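J.: My structure is below; once you've seen it, I'll send some questions.
No value in this document is a laboratory result; all are computed from the given coordinates. Predicted model, so just to flag it, every value in this text is computed and none were measured. Here the Cβ positions follow ideal geometry from the backbone for every residue, glycine too, while neighbour counts run over all protein chains shown.
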Amino acid sequence: MKRVLIVRLDAIGDYVLWRNCLRFLRNSAKYKDTHVTVLGNPAWRDLAETFDRDCADEWIWVKDRNELFRRPCENLLPYCIWHRRVVAAQARLKEQLVTYKFDEVISPCAFPDSLLDELVLGIAPVTVSVANGDSSRHASFTRLVDSGSEPFVFLRNRKIASEIGGEPCEVKLALEISDVPQKEKKILFFSDASHWTRRWPSRRWMELSRMLPNGFEAVSAPMGRTLSEFTRFVASCAAVVSNDTMAFHVASALDIPAIGITNGVSGRDSFWPYPSVLGKKSVACVPERLPKIPIPLLGSRLSQYLALSSVSAKSVADGLKSILA
């Protein structure tokens, strides 16, 4: 039986916007009779094993994703230092993967990443990835598929899956759970985010809590819950207000009205705003302008945070009332 490896090592939100494309590939005529293995990020392991276990014959979870890519602090180190560590970590993982004797490896990530390219090349005789305009990659991969012109990640994922599977991929952005909890008049405030430039200030959250529609109360995500339990909790909420992070996409997949508070730069067009064709009550609140700070690197990030801080609680409250109407 043909053995295929699919590599997805990106974050939770990326997986939420891709997981139904994995189901499509698993059931496509091209791959339904193959042994499918997924190399995944343990950050979303619980979600995959709870809702998508049947989408692959085997799952391999990397020990530490940060070993294979840049650590935040290493971005400031010379290339020769951090890249040597990455090469060593990738060599250890490749040595393990080669023993599986895969016939084909697929890297369906729509965003170009040279470190991801280095990881997947050499694992199998056939390597499939996504074209990103870099002509030098054509010589390395057996096949490069077109991601189309649609910027929003979920629609781009469908285009990529169609090209890889050889048939139209028309999956919906949905996360179906069997034991749907009863809806309550509570609004989830998700104030966490992977980077400080995406975290709306705590004072804004406090202001917003005093502006909620009558009868609604603000709640935080319960501590100590698994990702699948968190998903069920989101399904019980009337709406979600979240930083530009995974909770925004989980709510959208569950058809829960959601407000995403953004800094106006990170993820623009790719992760927000949600296209109307998807039919989601998912609204992005953006700053009116992005301040310019004449300091390289730190200045651009600081300007993003200041722009995010300028998003008023009233604008978020108004958006919340409109999606609850």
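J.: Among A221, S303, I261, whose Cα projects farthest towards the positive end of the dipole of segment 186-324, with charges put on the beta-carbon of Lys, Arg (+1) and Asp, Glu (-1)?
T.: S303
J.: 222 nm [θ] for the chain, helices only, -39500 (n - 2.57) per DSSP H run of 4+, per residue, to 500?
T.: -10000 deg cm²/dmol
J.: Which value, in debye to the nearest 20, gives the size of the charge dipole of the chain about its Cα centre, when Lys and Arg are +1 and Asp and Glu are -1 at the Cβ?
T.: 680
J.: For segment 186-324, just the Cα set please: Rg and Dmax, both in angstrom.
T.: Radius of gyration, then largest Cα-Cα span, for segment 186-324: 14.7, 47 Å.
J.: Also, quick follow-up: From the mean inverse distance of alpha carbon pairs (Kirkwood) and the Cα radius of gyration, derive Rg over Rh for the chain.
T.: Result for the chain is an Rg/Rh of 0.98.
J.: Could you list L175, L324, L144 in order of exposure, starting from the residue whose Cβ has the fewest other Cβ atoms within 10 Å?
T.: With the sparsest Cβ surroundings first, the list reads L324, L144, L175.
J.: Given the options I106, I164, I177, state which has the largest fluctuation in a GNM of the chain using a 10 Å cut-off (strictly under) for Cα springs.
T.: Ranking I106, I164, I177 by mean-square fluctuation puts I177 first.
J.: Classify segment 137-195 as rounded, prolate or oblate from the Cα gyration tensor: take a ≥ b ≥ c as the square roots of its eigenvalues, call it rounded if a/c is under 1.5, otherwise prolate when a/b beats b/c and oblate if not.
T.: Note, shape of segment 137-195 comes out prolate.
J.: Quick one: 3J(HN,Hα) in Hz for segment 142-149, Karplus 6.51/-1.76/1.60 with θ = phi - 60°, rounded, Gly and Pro as x.
T.: 5, 8, 10, 9, 7, 8, x, 9
J.: Amide H to amide H under 5 Å from L121: which residues, 5+ apart in sequence or cross-chain, H placed 1.01 Å off N in plane?
T.: none
J.: Would you kindly derive the ³J(HN,Hα) couplings of segment 98-114 from the backbone phi angles with the Karplus curve 6.51 cos²θ - 1.76 cosθ + 1.60 (θ = phi - 60°), listing them in order in whole Hz, with x for Gly and Pro?
T.: Couplings: 4, 5, 6, 6, 5, 8, 8, 10, 10, 10, x, 5, 7, 9, x, 8, 5 Hz.
J.: Another question about this same structure. Could you order peptides 117-129, 183-195 by the average number of other Cβ atoms within 10 Å of their residues, highest first?
T.: Output ranking for 117-129, 183-195: 117-129, 183-195.
J.: Let me ask something else. Find how many whole Å separate the alpha carbon centroid of segment 230-255 from the alpha carbon centroid of segment 1-75.
T.: Result: 21 Å between the Cα centres.
J.: Can you give me the long-range amide H partners of V38? Hydrogens built in the peptide plane at 1.01 Å from N, cutoff under 5 Å, separation of 5 or more residues or another chain.
T.: Correct list: I6, E58, W59, I60.
J.: With the Cα gyration tensor of segment 3-165 giving a ≥ b ≥ c as the square roots of its eigenvalues, does the rule (a/c under 1.5 for rounded; else a/b larger than b/c for prolate; else oblate) give rounded, prolate or oblate?
T.: Cα axes put segment 3-165 in the rounded bin.
J.: Related question: Among E167, E150, which comes first, second and so on when ranked by fewest other beta-carbon atoms within 10 Å?
T.: E167, E150
J.: What residues qualify as long-range amide H neighbours of C285, i.e. H under 5 Å apart, gap of 5 or more or another chain, H built at 1.01 Å from N?
T.: The list, which skips near neighbours in sequence, is G260, I261, T262.
J.: Rounding to the nearest 20 debye, state how big the charge dipole of segment 186-324 is about its Cα centre with +1 on each Lys and Arg Cβ and -1 on each Asp and Glu Cβ.
T.: With Lys and Arg at +1 and Asp and Glu at -1, about 220 debye.
J.: Kindly identify segment 1-48 as rounded, prolate or oblate by the Cα gyration tensor criterion: order the square roots of the eigenvalues as a ≥ b ≥ c, call it rounded if a/c is under 1.5, otherwise compare a/b with b/c, prolate if a/b is larger, else oblate.
T.: prolate
J.: Once phi is turned into θ = phi - 60°, what whole-Hz ³J(HN,Hα) does the Karplus curve with 6.51, -1.76 and 1.60 give for every residue of segment 242-255, x standing for Gly and Pro?
T.: The phi angles translate into 9, 5, 6, 7, 4, 4, 4, 7, 4, 4, 5, 5, 8, 6 Hz.
J.: Please report F154, F230 as a ranked list, fewest other C-beta atoms within 10 angstrom at the top and most at the bottom.
T.: Going from sparsest to densest Cβ surroundings: F230, F154.
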